[in-house]
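Data first, discussion second: the structure below is written as structure tokens.
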Amino acid sequence: MSQSTLRKAVVLVSGGMDSAVTIALAREQGYQVHALSVAYGQRHNSELAASDRVAKMLGAVEHKTVGIDLRSIGGSALTADIDVPLDTVDSSDIPVTYVPARNTIMLSIALGWAEVLGSSDIWCGVNAVDYSGYPDCRPAFIEAFEALANVATKAGVEGAGIRIHAPLMRMSKADIAREGQRLGVDFSATVSCYQADDDGRACGHCDACRLRAQGFREAGLVDPTRYV
């Protein structure tokens, strides 16, 4: 099937393992991937370079990066001068690495681009199993945003409607690692660390690093992460 006959999908890409597997799944299901990243003022800019690598590696027809300055409002260890917690134990509290309204903002940008492209499908790699406890990574959020999209847009009111795909929602990090292996994802191209250096090397101590390492370990796979 040629690229011109595939269904178009906007896929949010962060540069991490989850969004890489999400692109691969969208491609497997017959979508022409238009990859979208958001430069929101995050402290780990190497994730944007990883996003570009991953999008190209997995066959996206284009990769767009949209800039928005969330540092101007702060409120997160990823967008303000707040230390990233290291080697912390699990807690029921929402951690300081939560970026206020980030997924709402990213999905809104993806929604706008999908309308421009004539796409009814938006894909994202949110996960509610092995994650940091963010409220905008839960099924209720995705369901609510899809409902919003279908009453707030021309595509929703007059067109075919908007679907939000979150294929990793109920998968563990080990499941995601195994799925990536099945799909041929090169995880060495990805960056997951909250405070990776300019070369994409990870700290090994933040929540994202620990969850990733645990996932690969439980999957019985080698984690290709490079550490500082």
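Computed extension length for Arg217-Gln29: 64.9 nm, one decimal, from 0.36 nm per residue of separation with the Cα-Cα distance subtracted. Accessible area per residue for segment 51-159, computed on protein heavy atoms with a 1.4 Å probe, is 50 Å². What percentage of the solvent-accessible surface of the chain, computed with a 1.4 Å probe over protein heavy atoms, is contributed by carbon and sulfur atoms? The value for the chain is 51 percent carbon and sulfur by accessible area.
Quick one: compute the contact order of the chain, relative version, from alpha carbon pairs under 8 angstrom and 6+ residues apart, as a percent.
Values: 437 pairs, mean separation 53.7, N = 228.
Once divided by the residue count of the chain, the mean separation gives 24 percent.
Ranked by solvent-accessible area (1.4 Å probe, protein heavy atoms only, all chains present), the residues Met169, Met106 order from largest to smallest as Met106, Met169.
Backbone amide hydrogens, once placed in the peptide plane, bring Tyr227 within less than 5 Å of Ala202, excluding anything fewer than 5 places away on its chain. Distant-in-sequence amide contacts of Leu36, defined by a placed amide H-H separation under 5 Å and a gap of 5 or more residues or a different chain, comprise Val11, Leu12, Val13, Lys64.
Amide H contacts for His165 (H built 1.01 Å from N in the peptide plane; partners 5 or more residues away or on another chain; cut-off under 5 Å): Ile122, Trp123, Cys124.
Comparing mean-square fluctuations of Asp69, Asp207, Asp130 from a GNM of the chain with C-alpha springs under 10 Å, the top value falls on Asp69. Ordered from largest to smallest accessible area (heavy atoms of protein chains, 1.4 Å probe), the residues His205, His63 come out as His205, His63.
Once every DSSP H run of n ≥ 4 in the chain is given -39500 (n - 2.57) and the sum is divided by its residues, what mean residue ellipticity at 222 nm do you get, rounded to the nearest 500 deg cm²/dmol? Let's see the in-between values first.
Numbers: 7 runs with 82 residues, N = 228.
It lands at -11000 deg cm²/dmol.
Below 8 Å between Cα atoms, with a sequence gap of 6+, how large is the relative contact order for segment 1-81 in percent?
Details: 129 pairs, mean separation 25.4, N = 81.
Relative contact order here is 31 percent.
The shape of segment 87-228 comes out prolate: with a ≥ b ≥ c from the C-alpha gyration tensor, a/c is at least 1.5 and a/b beats b/c. With contacts taken as Cα pairs under 8 Å and at least 6 residues apart, segment 184-228 reaches a relative contact order of 39 percent.
The values are calculated or read from the model by the stated rules, or taken from the named source; none is laboratory data. Predicted model only: the values in this text are computed from it and were never measured. Surface accessibility is based on the protein's heavy atoms, side chains included, excluding ligands, DNA and RNA. Shrake-Rupley method; radii C 1.70, N 1.55, O 1.52, S 1.80 Å.
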